[in-house]
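Input: a single structure, listed below in structure tokens.
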Amino acid sequence: MGSQGGFYQSKEFLDLVKSIGEARSKAEEDRIVLNEIETLKRRISEPDIPKRKMKEYIIRLVYIEMLGHDASFGYIHAVKMTHDDSLLVKRTGYLAVTLFLNEDHDLIILIVNTIQKDLKSDNYLVVCAALNAVCKLINEETIPAVLPQVMELLAHPKEAVRKKAIMALHRFYQKSPSSVSHLVSNFRKRLCDNDPGVMGATLCPLFELIARDVNSYKDLVISFVSILKQVAERRLSKAYDYHQMPAPFIQIKLLKILALLGSGDKQASENMYTVVGDIFRKCDSSSNIGNAVLYECICCVSSIYPNPKLLESAADVISRFLKSDSHNLKYMGIDALGRLIKISPEIAEQHQLAVIDCLEDPDDTLKRKTFELLYKMTKSINVEVIVDRMIDYMISISDNHYKTEIASRCVELAEQFAPSNQWFIQTMNRVFEHAGDLVNIKVAHNLMRLIAEGFGEDDDNADSKLRSSAVESYLRILGEPKLPSVFLQVICWVLGEYGTADRMFSASDITGKLCDVAEAYSNDETVKAYATTALMKIYAFEIAARRKVDMLPECQSLMEELLASHSTDLQQRAYELQAVIGLDAHAVECIMPSDASCEDIEVDRDLSFLNDYIQEAIEKGAQPYIPESERSGMLNISNFRNQDHHEASSHGLRFEAYELPKPALQSRIPQALIASTEIVPVPEPMYPRESYQTTMPSIPSDAGSAELKLRLEGVQKKWGRPTYTPATSTSNSTSQKTVNGTSQGDGASTVSSMRETYDSRKLQVEVSHEKQKLAASLFGGSSKTEKRPATGHKAAKASSHMVENSHVLKSSMEVASDKATPAQQPPDLLDLGEATATSTALQLDPFKQLEGLLDTTEVASAVNGAPAASISPDIMALYADTAAGIRNKNDPDLLSGLSNPSVTNMPGTTAMPQVTQSSSKGPNPKDSLEKDALVRQMGVNPSSQNPNLFKDLLG
Amino acid sequence: MGIRFILMVNKQGQTRLAQYYEWLTLEERRALEGEIVRKCLARNEQQCSFVEHRNYKIVYRRYASLFFLVGVDNDENELAILEFIHLLVETMDRHFGNVCELDIMFHLEKAHFMLEEMVMNGCIVETSKANILTPEMVMNGCIVETSNANILTPVQLLEKTS
């Protein structure tokens, strides 16, 4: 084997990799791989293949699977390779099996024995390789086979083994908590391991344990805090440093754990305040990793018992994130804001413009995160604008997964905060129209119930107005092509119930529309059933009103078609329709009373009205009824059926139709639909599992369904007063918007002063006005819980808007100065070195920027010089390279792509690369030049097709 | 669980390395990779390095021609994962020296070995480059193992000489 990672591979392997690397299309790649499969199938089963050759074959198999083709023909050879004596070959074998097999694969049983043997090996790397395999391949049944050995390895002298053993135990816990429940104390023990690596790894299982059962680990708070303190104070080995941050990944894990332990626990939280505060202070806010730790601090602060000082620090960091140019930081800022507003809602207000910027950003990720934030801060005062925006966005996207999510959020918000029923119905219509097939059927039932019950007050006039407007809007919407099934069901039901109620539309209008629906959606039996029942209602009301009924010819033919339908449900409805039409007015009135969908249906479950009849029969010598379950001989079956029944009710299928005797009224509520309700794919845990019929009549008293209802108390007063008018309104209305009635003078002056400041930038004023308006409607009441904010408060807020505005001006100057030096900002937001250095300079003082670049260069070089200086005594640097070495090496590459001024920006570093360049090659004494030459020699020509293959990743 | 998968994909969308921390069938992997690679490659450099996909969040970072994509749970610290990717690249760079796409292709198993040291059960378990690379160097014979099965890490070696 060529030492030091040289090219010990065969020409064949190199050719394969080369051709894959140069493949131009997926089809070409597939062709290469299929070819390779044929070759390997032949070769791999040849006798006496040398080890090294076999290892190569196995890696070729890995390639085949990685590129999406089946390599199962070679699995057994990978399994065999785990038996090999050579460490490298063995480890490759283990790697291959972990990539190929899942824990339930038949071949695993052949590996368990090898694993057992290897766990006892003297060579700790063999043990490590086996432990890696344990983590991937051991399932619940095979845990006992390796558990004792893994437990022994927890005390192994090598820290690498202890670390992997802890992770194996972690895996067992994940797979089957009960199998290792008596061993969890080992995680606590390993937390005190001398080796920071083992301690750091132990935090992973502990985090999961604590997440499941916080209270059992409260005693560890002090330990975690002291570990975090030591880490933050750089007590760990420098090897764990990452970009000058002491062990940031361990810090983050610890902060996550503290967040769990301190949640709702004042005493535990008090222990944490100091250390979290220290980290806030110490963290390097100019690097990505520093910001990652700061973000985790915010998560922690917003989870533990609140501390004003820490909340303040958190708010500072958030505002820095939101003001950053980096989208990543903005994203983190929005997320952090969403966490913090739960504790201090008032901080949202100062960031309103930043939030709106993010909402309007073309970046989808940022937009969604912002919607998540808005969802969290929705109140009755801003629900209209938020839901409006959400629906607009929902319509614009095509990703069904997210569409479903956002649709259910819209529904949830609308149900919780709807300012009026009118608005609620309109909103629901929009949601249904655009995502009807994605929302839960319960939402449709709610909407029907709402229309039926009206405002819940005794104002019949308003109720009927609401219904008329619903009918009208539905007749209009029916003109649209291809409506979702759920929505059509609602429409049919409402038209049947209230279509002719106000005499605005004639029975033939409505029945005509209903027939059209049944015809247009003839594949949808549910919709057809709704339409048929609606037809029956319309005709019944006509008959009851002693009007002459002329059945439309299309209705006649629909009925005839359904009489012969394959669906018994549709058939029954058609027969019922036929029967009702033939009855006289009096009978129809009894069967189908008008507007009675909200009447209670009294169900006599005991059928007590039959008592006399039964009594009579028994007296005549009839056998008394024995309940099914008590009948002997039938016992087994009945048990089985009972069980069946029970299961059914606990799962999704609905059998209510069989439980309840069918009263006459029942036919008004389309029965068949209930069975189909669960087909809707959206999981909606917030809805209690109740059938439509049973909820409907019992609403007022049913506590379980309380959350289903619109929360209208206290919101009613807002009806007359618009808090938001959709985007069309002109900028003039802004003054009214911000002021909201009470302190008009104040608001007007705010606006006018705003105009003055912006005089020179007309365009910007426009934009900012739009935003202002949106901000006002979004954040207007976010910090107030009372319904009507006091006037004084309002004025204060208006002035705060002003402050915000002057802020904007300032920051726009900042932006301008920023734009003057775009070359300093590397295209990749994430890159290190210069980017971060200049941004620190910006944060130090935006105006300093204007005084010339000299300052910046000083700062930049100072920042740059510091790490190099601090690391130079490190022995690591002597050996090969350091984090700083890599970064320095990085700089010239980065800068060469940019314009000249940025190069002059960093005189301190330009000299260094040359020094580090040669020494930063890692343990392999190989140069990239050498590498290139070697590759060319092997026949892979970089100039041929894919020169990218040779591009240094960090370059 | 944290990390659900780590992918390296070049800018033509060809997979260069794939490691999953939960079992997916070949078809599921192929579909998932196709979808997320399409999503990530379509984004520009100003946009966030995070993409939501079904119930995953993808954190990705581009180095020259190669994209590193890490699928994580929703409650993971995205910025930290972004830096984890960089740590991985720095580690590979230290090992290979000016690491490039071809290094990973020719030494696929080594790249996997490094990942095995860094991530277990979907958790980040090791972040010290020296610790990550030690087994690799032992296997390559860079470091001589002493008789008592204790090896000298590079740091210790240097401490002795200096």
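The values are calculated or read from the model by the stated rules, or taken from the named source; none is laboratory data. On a predicted model such as this, the values are computed, not experimentally measured, just so you know. Here Cβ is always computed from backbone atoms with ideal geometry, including for glycine, and neighbour counts include all displayed protein chains.
In region A:361-401, the residue that is nearest to the other protein chains (Cβ to nearest Cβ) out of those that are free of Cβ contacts under 8 Å to residues at least 60 places away in the same chain and outside any helix (DSSP H, G or I) is A:D363.
The number of residues in region A:24-46 being at the interface with chain B (Cβ under 9 Å from one of its Cβ atoms) and at pLDDT 90 or above comes to 1.
The one condition from (1) under 16 Å from A:L206 (Cβ atoms); (2) away from chain B (no Cβ under 12 Å); (3) aliphatic (A, V, I, L, M) that A:I279 does not meet is (1).
Here region B:16-56 is the region considered, the condition is being of a type in the set (S, T, N, Q) and surrounded by fewer than 21 Cβ atoms within 10 Å (Cβ to Cβ), and the residue that is modelled with the lowest pLDDT is B:N55.
With respect to the conditions (1) more than 19 Å from A:A239 (Cα to Cα); (2) at pLDDT 95 or above, A:R190 lacks only one, and its number is (2).
Considered as a group, the residues in region A:239-276 that are without any contact (Cβ under 8 Å) to a residue 60 or more places away in the chain and assigned to a loop (DSSP other than H, G, I, E, B) include one that is farthest from the other protein chains (Cβ to nearest Cβ), and that residue is A:D265. Each residue in region B:1-15 was checked for being modelled with pLDDT under 95 and either basic (K, R) or in a loop (DSSP other than H, G, I, E, B) (or both), and 6 of them qualify.
One line per residue, one yes/no per condition, for (1) over 28 Å from A:Y94 (Cα atoms); (2) not in a strand (DSSP E or B):
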residue	(1), (2)
B:Q19	no, no
B:E22	no, yes
B:L32	no, yes
B:K57	yes, no
B:I85	no, yes
B:A111	no, yes
B:E126	no, yes
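Do you know which residues across region A:176-206 are in a helix (DSSP H, G or I), surrounded by fewer than 18 Cβ atoms within 10 Å (Cβ to Cβ) and either of a type in the set (K, R) or facing chain B (nearest Cβ under 10 Å) (or both)? Correct list: A:R188, A:K189. Selection over region A:564-585 of residues that are farther than 19 Å from A:D524 by Cβ and not charged (D, E, K, R) gives a count of 8.
For region B:61-71, does any single residue satisfy the condition of being of a type outside the set (S, T, Y), under 23 Å from A:I397 (Cβ atoms) and more than 7 Å from chain A (Cβ to nearest Cβ)? Please lay out each step first, then the result.
Residues of region B:61-71 of a type outside the set (S, T, Y): B:61-62, B:64, B:66-71.
Then keep just the ones that are under 23 Å from A:I397 (Cβ atoms); that gives B:69, B:71.
Checking which are more than 7 Å from chain A (Cβ to nearest Cβ) leaves us with B:69, B:71.
Checked region B:61-71: at least one residue is of a type outside the set (S, T, Y), under 23 Å from A:I397 (Cβ atoms) and more than 7 Å from chain A (Cβ to nearest Cβ).
In region A:360-389, the residue that is surrounded by the fewest Cβ atoms within 10 Å (Cβ to Cβ) out of those that are within 23 Å of B:Q46 (Cβ to Cβ) and more than 17 Å from the chain's Cα centre (by Cα) is A:P362.
Would you call A:R52 within 19 Å of B:K110 (Cβ to Cβ) and either charged (D, E, K, R) or without any contact (Cβ under 8 Å) to a residue 40 or more places away in the chain (or both)? For A:R52, the condition - within 19 Å of B:K110 (Cβ to Cβ) and either charged (D, E, K, R) or without any contact (Cβ under 8 Å) to a residue 40 or more places away in the chain (or both) - is met.
Looking for something hydroxyl-bearing (S, T, Y), within 19 Å of the chain's Cα centre (by Cα), part of a strand (DSSP E or B) and in the same structural domain as B:N121 (by TED's automatic domain parsing) - is there at least one such residue anywhere in region B:36-50? Within region B:36-50, none of the residues are hydroxyl-bearing (S, T, Y), within 19 Å of the chain's Cα centre (by Cα), part of a strand (DSSP E or B) and in the same structural domain as B:N121 (by TED's automatic domain parsing).
Here A:S286 clears all of (1) closer than 18 Å to A:M272 by Cβ; (2) in contact with a helix residue (DSSP H, G or I) (Cβ under 7 Å, 6 or more places away or on another chain) except the condition numbered (1). A:S508 fulfils the conditions (1) more than 35 Å from the chain's Cα centre (by Cα); (2) in a helix (DSSP H, G or I); (3) over 25 Å from A:M559 (Cα atoms) except for a single criterion, (3). Mind listing just one residue for me: the one in region A:38-73 that is of a type in the set (V, I, T) and within 21 Å of B:G13 (Cβ to Cβ) and, of those, surrounded by the most Cβ atoms within 10 Å (Cβ to Cβ)? Looking at residues that are of a type in the set (V, I, T) and within 21 Å of B:G13 (Cβ to Cβ), I get A:V62. Looking only at region A:210-230, residues that are among the charged types (D, E, K, R) and either buried (at least 20 other Cβ atoms within 10 Å of the Cβ) or under 15 Å from A:S185 (Cβ atoms) (or both) come to 2 in all.
The numbered conditions (1) more than 9 Å from every other protein chain (Cβ to nearest Cβ); (2) in contact with a strand residue (DSSP E or B) (Cβ under 6 Å, 6 or more places away or on another chain) are all true for A:Q149 except (2).
Looking at the structure I just gave you, is B:E145 modelled with pLDDT under 95 and either surrounded by fewer than 20 Cβ atoms within 10 Å (Cβ to Cβ) or more than 7 Å from chain A (Cβ to nearest Cβ) (or both)? So B:E145 fits the description; yes. Please tell me if A:A130 is under 27 Å from A:Y63 (Cβ atoms), modelled with pLDDT of 95 or more, over 32 Å from the mean Cα position of the chain (by Cα) and facing chain B (nearest Cβ under 9 Å). Spelling it out, it is not the case that A:A130 is under 27 Å from A:Y63 (Cβ atoms), modelled with pLDDT of 95 or more, over 32 Å from the mean Cα position of the chain (by Cα) and facing chain B (nearest Cβ under 9 Å).
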